[in-house]
Amino acid sequence: MTTESLAGILAEKVMGWRVGPDRYIMAGRQWLKRERFQPTKRIDAAFRLLIAVKPVDYKLGGSGSGVCWARVKLNGASGDATSPSMPLAICLAIARALDIDVETLD
């Protein structure tokens, strides 16, 4: 799985959007170019996902060595992740909490 395909899966499961070849189709016949919503790369999009998943609790942090971590707790499930990038750590933690297999992420 690539980070782009992970973004598409999360857009479908969390945001309720349909994924098109170069855009996301939202409610009310609205759409958003894929380049404008990149939650694995952009912190604003990652926080948009985090808010939309409505976590019971979440914690974010980092270390002096440059490793970021995220812990997301949903009703009955939780996910943890580390990454050099905070947006990717948030997306991975959300995916794990939703039981999406991200162990093969490239």
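Each reported figure results from applying straightforward, stated rules to the coordinates on display, with no laboratory input. None of these values were measured; they are calculated from a predicted model. Here Cβ is always computed from backbone atoms with ideal geometry, including for glycine, and neighbour counts include all displayed protein chains.
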Candidates ARG29, ARG42, ARG96: whichever shows maximal mean-square fluctuation once the chain is modelled as a Gaussian network with Cα springs under 10 Å
ARG29
Angle, helix 86-97 long axis vs. longest principal axis of the chain, Cα atoms, 0 to 90°, nearest 10?
80 degrees
Spatially close lysines, pair count over the chain: Cα under 20 Å, gap of eight or more or interchain:
8
Regarding the chain, what is the average projected area of its C-alpha convex hull, in nm²?
6.6 nm²
Angle check, please: helix 43-52 long axis (alpha carbons) against the longest principal axis of the chain (alpha carbons), in degrees 0 to 90, nearest 10.
80 degrees
Please express the Cα-Cα pair-distance distribution P(r) of the stretch 40-79 as a list of whole percents, one per 10 Å bin, running from 0 to the bin with the greatest distance.
26, 53, 20, 1
Provide the gained length on full extension for the span ASP106 to LEU32, in nm with one decimal, where the gain is 0.36 nm per separating residue minus the Cα-Cα distance.
24.2 nm
Find how many whole Å separate the alpha carbon centroid of the stretch 73-106 from the alpha carbon centroid of the stretch 23-67.
12 Å
Once you place label points 7 Å from the Cα toward the Cβ at MET1 and LEU60, how far apart are they in nm?
2.0 nm
Spin-label point model (7 Å from Cα, Cβ direction): what's the ARG42 to ALA77 distance in nm?
2.6 nm
